[in-house]
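The values are calculated or read from the model by the stated rules, or taken from the named source; none is laboratory data. Just so it is clear, the model here is predicted, and its values are computed rather than measured. Quick reminder, even Gly has a Cβ in these numbers, built from the backbone with ideal geometry, and neighbours come from all protein chains shown. Just the protein is used for accessible areas: all its heavy atoms, side chains included, with ligands, DNA and RNA removed. Shrake-Rupley method; radii C 1.70, N 1.55, O 1.52, S 1.80 Å.
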Amino acid sequence: MQSQAAAAVEEEEWGYLRAARGTTMYELERVERLASESAVVIFSVSSCCMCHAVKRLFCSMGVSPTVVELDEDPRGKEMERALSRLLGGGSAPAVPVVFIGGKLVGAMDRVMAAHINGTLVPLLKEAGALWL
């Protein structure tokens, strides 16, 4: 078994530091980087029905989101833990998670609330995802 000091040295050599609950700062930074690369980014799991619904919502609005399928990424589990931390670390599933204009909107409940109350379209326009 590796000592904590040895593990810290190994982590430092790999260029990242451990955050709470096994999530690395590298994964948080990776999520933030991916989220800022496109107007709309959805972190998803390909077999998740809620993820499918949120992807369909954006496509039906004429938005072409960038979709990061966590179950198809070798570091997907670590990114899912990072997303869970960003959402507050509760017991709810960490996907789907939506970023618009590089800013965290949240999970399905927040996206649907924004859609229903009329604040989603202005967010999409501001991010350059809609040109209406």
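Residues that are over 17 Å from residue 125 (Cα atoms), out of contact with any helix residue (DSSP H, G or I) (no Cβ under 7 Å at 6 or more places or on another chain) and at pLDDT below 95, at least 2 per element: which helices (runs of 4 or more DSSP H) completely within segment 1-73 meet that?
4-14, 25-36
Among the numbered criteria (1) surrounded by fewer than 20 Cβ atoms within 10 Å (Cβ to Cβ); (2) in a strand (DSSP E or B), which one does residue 98 miss?
(1)
Residues to consider are 83, 130; find the one that is outside any helix (DSSP H, G or I), in contact (Cβ under 8 Å) with a residue 40 or more places away in the chain, surrounded by 14 or more Cβ atoms within 10 Å (Cβ to Cβ) and not acidic (Asp, Glu).
Just one listed residue meets the conditions, 130.
Considering segment 123-132 alone, what residues qualify as being over 16 Å from residue 41 (Cα atoms) and at pLDDT 95 or above?
The answer is none; no residue qualifies.
Filter segment 108-120 for residues that are open to solvent by 20 Å² or more (accessible area, probe 1.4 Å) and hydrophobic (A, V, I, L, M, F, W, C); which is farthest from residue 69 (Cα to Cα)?
Checked segment 108-120; the qualifying residue farthest from residue 69 (Cα to Cα) is 116.
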